[in-house]
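One structure is given here, and the rest of the page talks about it.
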Amino acid sequence: MSDERELKDQRIPIMMTEKEVTAIDDWSFKHRIRSRGEAIRRLCQIGLVFDDHRAEYVERFKSILDAASAISPLARRAANRIDESTDLERAAMAAGVTTLIEVMKMFDLVRTTTGLANNFKSDKEIEDIISEAKEILAANDPGNEV
């Protein structure tokens with residue numbers, strides 16, 4: 001990545017749709033970035049970092065999902081003997097189930113994000129990719145306002 005002290009002297013003309021520019025301007029305003037050029041540079045840097053580590057994210061979250069999946073049958077077995085459980089065991093089961101639910105939500109988000117990032121490498125239109133992202137994210141979390 002670039003060093004903040006590095007001279008920014010390379011011009012790259014780029015054409016964008018109105019929606020793309022609006023999305024960049026909205027992101028820039030939200031993050032208090034003063035110029036469109038700086039916002040575009042930062043978004044490019046975010047994308048490059050994400051792309052460089054995407055395979056690692058997927059692999060690590062797959063490991064987490066596999067580990068979390070082991071909780072499910074244990075929770076079922078424990079639920080079958082809930083009356084025999086101590087308060088501590090019930091609290092541990094509740095925490096395990098809550099953790100499993102949150103891990104599954106995070107896994108869906110990472111899977112969705114990495115999958116959508118792959119779409120940006122295709123020649124689809126940006127509006128189609130963004131629309132697809134909103135649909136997938138909404139489907140994964142009905143309470144999510146995208």
| Where Rh denotes the Kirkwood radius from the mean inverse Cα pair distance, what is Rg over Rh for segment 32-84? | 1.44
| field | Spread of Cα-to-Cα distances over 5 Å intervals beginning at zero, given as percent, for segment 1-60 | value | 4, 15, 21, 22, 18, 12, 7, 1
| message | Using just the Cα positions, wrap the chain in a convex hull and report its mean projected area in square nanometres, one decimal place. | response | 12.7
| task | Output the relative contact order of the chain, whole-number percent, from Cα pairs under 8 angstrom with separation of 6+ residues. | result | 19
| query | Say each of E127 and M104 gets a label point 7 Å from the Cα, pointing the same way as Cα to Cβ; how far apart are those two points in nm? | reply | 3.6
| note | The percentage of the accessible area of segment 1-81 (probe 1.4 Å, all protein chains present) made up of carbon and sulfur atoms, to the nearest whole number, is 56
| message | Which residue fluctuates most in the GNM of the chain (Cα springs below 10 Å): D83, D51, D128? | response | D83
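Roughly how many Å² is the accessible area per residue of the chain, as a whole number, for a 1.4 Å probe?
Working: 11510 Å² over 146 residues.
Here the per-residue accessible area is 79 Å².
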| task | Mind giving me the nanometre distance, one decimal, between the label points for D83 and T22, set 7 Å out from Cα along Cα→Cβ? | result | 6.1
| request: Per DSSP H run of n ≥ 4, the term is -39500 (n - 2.57); total these for the chain, divide by its residue number, and report the mean residue ellipticity at 222 nm rounded to 500 deg cm²/dmol. | output: -25000 deg cm²/dmol
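Within the chain, what's the longest stretch lacking GluC sites (Glu not before Pro) that sit in DSSP loops with no more than 12 other Cβ atoms inside 10 Å?
Longest stretch, sites excluded: 7-124.
The values are calculated or read from the model by the stated rules, or taken from the named source; none is laboratory data. These figures come from a predicted structure and were not determined experimentally. Backbone-built Cβ (ideal geometry, glycine too); neighbour counts: all protein chains shown. Heavy atoms of the whole protein, side chains included, go into the accessibility calculation; ligands, DNA and RNA do not. Shrake-Rupley method; radii C 1.70, N 1.55, O 1.52, S 1.80 Å.
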